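Values quoted throughout were computed directly from the atomic coordinates according to the rules given, and no laboratory measurement underlies them. Given the structure is predicted, the values throughout are model-derived calculations rather than measurements. Glycine also receives a Cβ, built like all others from the backbone with ideal geometry; neighbour counts cover every protein chain displayed.
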């Protein structure tokens, strides 16, 4: 199927002016970056809405089924495998690696620190450059780090990107599953998500990788290596169509692979940001970036002959990816720019307000003003029995709370994340107060009948 045929199959959700602007942006990028070909795509609210491509060959552009090497985007797949092990109870993120894979230079690092690049490990292997040489040169895990000084920083003290760290995570998956990590990935992740064009080694049709001369319009092919044990750091090949599926999964989850709650955990910052402006940091296998005022998560990737990027904006309901077959040139921010461009042309429409499908008088009675001491707050009832507490002043300890089977609620965000909200009743069964992690919320500020910790002044409110 030609690229043009594929485009007619996509939902025509974007305005023609938006589609033209996206195409113009990637055309400029391919021309200015001097890359042999460039594929890009956009996902909105869980489905592909646009794809585009440019090529150095007149009258031809690669389709979304052509494979490119995706480099370190591979790490997001490895992280999902590790989180699956955690959710199955086979490991804890606080476990030291030595508990499951003893004898490596990272024995003292926790699995969470490896996932977030805070284990202090070296950024690269000892020579030769692993990305351009066959993995047969590094047949053992011991070959992936210097024997004398594998740690460049104290464990857990700072973010320091480590490719060998993810090779160790791949080995961890192999140890606990008893088979190669690539086979585990295919069976547990790729097959359930329908990503049959994501593979460890290239499968036709695939792009060739090239280096473009910095000062002349000439180029030469790059080696297409099998990096062996270093594969979990950047070995995968994928397509535009499969990356669109991966973006949908990272945004919403799929219970066949990993829950939405676990994916939300992966995209929370796990280490301190590298810069004072907080433009870049890392979660559990996911990069976090601020771009033009919006928070994005995803990952970039590069291998000799290829660059790739995948970014998702939760607030905009948008994801974008780029794939290029040159060692350098295409800026990793291009996918972020496609999100910003689309959001500027077509801002996300808010979901329409709808009333709740049923009325629960007991829950409705909980809504309205509540006071933490003398500070006024309001409690609202949302869909799915979610309670939302917000300070009336605009500053305070607001949170959303998810209902639990035992009649309590668990905080979802902000100060009360993970804390329990309990409705405390009086002897006659009426609601007395709310208890949130020992904080008491009452119906009136320091009311004489309120259960205020420490008691109340017997004279109550008075003028001075």
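Worth pointing out:
- Extended-chain gain in nm, criterion 0.36 nm per residue less alpha-carbon gap, residue 280 and residue 464: 61.0 nm
- Where a label projected 7 Å from the Cα of residue 392 along Cα→Cβ would reach, residues of the stretch 359-377 with amide N under 13 Å: 368-377
- Note on residue 457 and residue 314: their simple-model spin labels are 4.3 nm apart, each label 7 Å out from Cα toward Cβ.
- In terms of packing, defined here as the mean over residues of other Cβ atoms within 10 angstrom, the peptides 355-362, 128-135, 56-63 line up highest first as 128-135, 56-63, 355-362.
- Fewest-first ranking of 138, 354, 69, using other Cβ atoms within 10 Å as the exposure measure: 354, 138, 69
- Calculated FRET value between residue 383 and residue 216, using beta carbons and R₀ = 45 Å, to 0.05: 0.15
- Taking other C-beta atoms within 10 Å as the exposure proxy, 68, 416, 161 rank 161, 416, 68 from fewest upward.
- Computed from the C-beta positions of residue 359 and residue 261 and an R0 of 30 Å, the FRET efficiency is 0.60 to the nearest 0.05.
- Label corresponding to Cα extents along the principal axes in Å when calculated from the structure given, among (i) 85, 60, 48; (ii) 87, 58, 43; (iii) 67, 54, 43: (ii)
- Förster radius 35 Å - calculated FRET efficiency between residue 204 and residue 161, Cβ distance, rounded to 0.05: 0.60
- Taking packing as the residue-averaged number of other Cβ atoms within 10 angstrom, the listed peptides 44-54, 373-383 run from highest to lowest as 44-54, 373-383.
- Added length on full extension, which subtracts the Cα-Cα distance from 0.36 nm per residue, residue 47 to residue 15: 9.9 nm
- Extension gain, residue 431 back to residue 295 (0.36 nm per residue minus Cα-Cα distance, nm): 45.0 nm
- In terms of the mean number of neighbouring beta-carbon atoms within 10 Å, the peptides 343-352, 235-244 order highest first as 235-244, 343-352.
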